[in-house]
Structures are given as C-alpha cells and as structure tokens.
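Working notes for the structure below.
The values are calculated or read from the model by the stated rules, or taken from the named source; none is laboratory data. In this text the structure is predicted, and so the values were computed from the model without any measurement. Neighbour counts run over all protein chains shown; Cβ positions are idealised from the backbone, glycine included.
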Amino acid sequence: MENNQQLARVNDVNAAITPEMLEASANLSNLKTAINLSPEYIELAKPGESFRGIFWGFTEITVNDQVTDEQRQIPAAAFLVDKCIRINAGVALVSECKKAGIDKGTPLEVTFKEKKGNLKIYSLTLLA
C-alpha cells in the first residue's frame, strides 16, 4: 500500500512536468542567477540608519522565547533589497507596515528613527 502511495506521489509530480519545463531544465547552465529566495535578516542598529527596498509582504519566522525557551512563530516584514529577500520582525516595523496598508511591490525607504526602551521606532517613506 505504501509503495502505491509513493508511486502516486511521483506520478503527480511527473504529471506536472511540461515540455517547456523539460526544455528549460536542459538549459539551466546558461541561466544567470536572478534572486536569492532564502531570506536574510536585516537589522538597523543606530538611529538614522536606513535601507531602500521593494515591500515583499509579510511572513513568519521561528524564534526561541527568551522566557520559556520554546520555539514560537512571530510576524516579519519582508523586503527585496539588492536581489535578496530581507526580513525584519521588529514589532514596530511590522505594525507600521500593516497600518500603512502597503501593497506588495511598493518601493520604500525604511529608516530607524529612535529607540524608546526596547522598542525601535521606524519611518516608512514611499519612493517614486
């Protein structure tokens, strides 16, 4: 029974292969790298620091809870910066992006304005 299920999964994958995919797979060595899809964390350490990027949307990251040491998911904002996906899970930045209602694909400048206690305050500026 298990072998039949594995075979069915393989057949499902094979059914999705198109002639265009087969042709493209034969030419992979001729293609250039376009974008790194593995997100990297971006952090602004000092007030006044900023970055420019394309808003990519929201995701979640796994962190260890500092009190319980258990893993948990927290929301993060994602940006396309220099052909890399960069994420930041700062509560204020994620909140500011959600509050602004930014559409995916919007060019922005994110600036670290100030720190109030443990909270970093950011400003978002639309780029045109």
Condition first: small (Gly, Ala, Ser), surrounded by 13 or more Cβ atoms within 10 Å (Cβ to Cβ) and farther than 13 Å from LYS104 by Cα. Now tell me which residues in segment 45-87 satisfy that.
SER50, ALA76
Report every pair of residues separated by at least 6 positions or lying on different chains whose Cβ atoms are under 7 Å apart, first residue within segment 63-92 and touching a residue at least 40 places away in the same chain (Cβ under 8 Å) and within 18 Å of PRO39 (Cα to Cα), second among the acidic types (Asp, Glu) and part of a strand (DSSP E or B).
CYS84/GLU40; ARG86/GLU40
Sole residue being over 18 Å from LEU124 (Cβ atoms), acidic (Asp, Glu), modelled with pLDDT of 90 or more and in contact with a strand residue (DSSP E or B) (Cβ under 8 Å, 6 or more places away or on another chain), chosen from GLU60, GLU43, GLU96, GLU49
GLU60
Within segment 33-44, count every residue that is more than 16 Å from the chain's Cα centre (by Cα) and loosely packed, with under 13 Cβ neighbours inside 10 Å.
1
Yes/no for GLU114 being outside any loop (DSSP other than H, G, I, E, B), over 28 Å from ALA34 (Cα atoms) and acidic (Asp, Glu)
yes
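For segment 25-62, give me the residue count where each residue is basic (Lys, Arg) and in contact (Cβ under 8 Å) with a residue 12 or more places away in the chain. Explain how you work it out, then say what you get.
Within segment 25-62, the first condition is being basic (Lys, Arg), and the residues that meet it are 32, 46, 52.
From what's left, in contact (Cβ under 8 Å) with a residue 12 or more places away in the chain: 46, 52.
Within segment 25-62, residues that are basic (Lys, Arg) and in contact (Cβ under 8 Å) with a residue 12 or more places away in the chain number 2.
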If you check THR125 against the conditions, is it loosely packed, with under 10 Cβ neighbours inside 10 Å and among the β-branched types (Val, Ile, Thr)?
no
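Can you tell me which residue within segment 88-102, out of those that are more than 12 Å from the chain's Cα centre (by Cα) and in a loop (DSSP other than H, G, I, E, B), is surrounded by the fewest Cβ atoms within 10 Å (Cβ to Cβ)?
Initially, segment 88-102 is screened for residues more than 12 Å from the chain's Cα centre (by Cα), giving 90-102.
Restricting the remaining residues to those that are in a loop (DSSP other than H, G, I, E, B) gives 90, 101-102.
Numbers: GLY90: 20, GLY101: 7, ILE102: 17.
Per the criteria, the residue is GLY101.
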